[in-house]
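No lab work stands behind these numbers, since they all come straight from the coordinates. In this text, all values refer to a predicted model and were calculated from it rather than measured experimentally. Cβ placement follows ideal geometry from the backbone for every residue including glycine, while neighbour counts extend to all protein chains displayed.
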Amino acid sequence: MIFNQTVIGKHPAQSGYIVECFCSGTEDPLIGFPSGSGRLKIEFPQFAVTSLEFEGKNALFDPTGAEPEEKLMESITILEREINLKATFSGDLNTLGDGLAIQNVKNADVYTGDEPNFEVDSIFNSNRVSQFSVNLNPGEQTFLVNVTADQITGANGEERVEEEIFYKIIPTDFLTFGDVSPAISGVMFSGFDTFTKIEQTGFLISRTNANDVRVGRGETIEIFAGHNSKPTIIIDDTMPLDFYGAFRIRIDNKKVIISGSGGANLVSSSTDFPVDNTLNTIEIEAGKEFAEFDIACLLDENDLRTGFILGEL
């Protein structure tokens with residue numbers, strides 16, 4: 001059959017095709033050849049994306065690794081104005097489980113929507129973010145797709161950061177495409193705002209809210225007091241081993257309290273900042289405006305954290 005018209009959808013030979021050849025022989029035994037026929041069967045490997053993993057703003061709050069060398073600030077994944085999609089491909093060619101069809105994948109087309117059952121527009125690509133070239137070696141099943149903020153924009157061209165978006169991927173080769181992946185959703189982190197002050201009661205520094213990263217970005221954090229509040233900084237034991245933060249008091253008429261929580265024991269290297277071991281707190285008396293101090297992890301000879309130490313700058 002000859003396909004001589006436009007077809008919308010999957011390639012018309014998606015299920016494969018057979019080419020048959022026939023030849024007529026000659027009667028001359030010296031230069032001739034016998035009559036015969038041949039058959040060539042063409043098949044398109046079937047492949048799909050069986051799972052997607054999202055990495056974006058969620059990675060900012062993930063705990064660090066189990067080993068001491070992994071429990072460091074540098075092990076925290078910070079993706080600003082970009083996300084990663086880890087796609088797992090499947091597809092067999094000759095036998096169940098051989099995975100050979102995966103190597104036929106040439107591109108990964110990423111589509112977005114506002115709800116998990118959104119329709120993929122593979123005809124006009126109205127909701128396609130981009131097409132990414134895929135190069136999978138034998139034995140590889142996963143591929144990491146990076147999407148940036150300028151690739152996902154709203155109706156007025158604005159970047160859709162800090163917004164939950166759903167994603168799907170369709171794998172393609174040069175002629176056909178595989179099954180659409182399950183949907184996955186997540187938020188793209190817009191980046192850290194300028195953060196130089198604390199002015200609320202109960203400011204928690206923790207790995208669970210990424211305030212360890214905000215505080216530890218190198219700037220001195222100034223401590224103010226909001227309306228009718230007494231500033232309290234709470235530290236828990238989830239932070240990386242190399243956490244460090246520098247602070248400056250900017251109030252004169254109120255106390256500043258540092259409190260340990262969840263196994264975070266406080267130690268002080270300054271007589272100006274005595275520790276109440278019963279309450280596991282350090283109470284800095286009023287009248288200390290412009291006093292500066294730092295908070296760092298206190299490690300033993302085996303690089304295990306024994307507490308957090310507060311000292312004067």
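Tabulated data for the structure shown
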{"quantity": "Karplus (6.51, -1.76, 1.60) ³J(HN,Hα), θ = phi - 60°, over the stretch 241-251, in Hz, Gly and Pro reported as x", "calculated": "5, 9, 4, 8, x, 10, 9, 9, 7, 10, 10"}
{"quantity": "Whole-number percent relative contact order across the chain, with pairs defined as alpha carbons under 8 Å at least 6 apart", "calculated": "14"}
{"quantity": "Amide H contacts of ASP242 (H built 1.01 Å from N, under 5 Å, at least 5 apart or other chain)", "calculated": "MET73"}
{"quantity": "Note, ³J(HN,Hα) from phi for the stretch 100-107, Karplus 6.51, -1.76, 1.60, rounded to Hz, x at Gly and Pro", "calculated": "5, 5, 4, 5, 7, 5, 10, 9"}
{"quantity": "Other-chain or far-sequence residues with amide H under 5 Å of ILE234's (modelled H)", "calculated": "PHE203, LEU204, ILE205, SER259"}
{"quantity": "Shape of the stretch 34-177, Cα gyration tensor, a/c cut at 1.5", "calculated": "oblate"}
{"quantity": "Under 10 Å, Cβ to Cβ, from ILE102 - net charge with Lys/Arg +1 and Asp/Glu -1", "calculated": "-3"}
{"quantity": "Theoretical gain in end-to-end length, ARG81 to ASP114 [0.36 nm per residue, Cα-Cα removed]", "calculated": "10.0 nm"}
{"quantity": "Positive minus negative residues near PHE192 (Lys, Arg vs Asp, Glu; Cβ under 15 Å)", "calculated": "-1"}
{"quantity": "Low-density loop cleavage sites - chymotrypsin sites (Phe, Trp or Tyr not before Pro) in the stretch 123-216, where at most 14 other Cβ are within 10 Å (DSSP)", "calculated": "PHE124, PHE174, PHE192, PHE195"}
{"quantity": "Of the GluC sites (Glu not before Pro) in the stretch 227-313, those whose Cβ has at most 15 other Cβ within 10 Å and which sit in DSSP loop", "calculated": "GLU285, GLU289, GLU301"}
{"quantity": "Alpha carbon centroid spacing (whole Å) that separates the stretch 267-306 from the stretch 119-157", "calculated": "49"}
{"quantity": "Estimated dipole of the chain in Debye, rounded to 20 [Cβ of Lys and Arg +1, of Asp and Glu -1, Cα centre]", "calculated": "580"}
{"quantity": "Convex hull per residue volume in Å³, alpha carbons only, for the chain", "calculated": "221"}
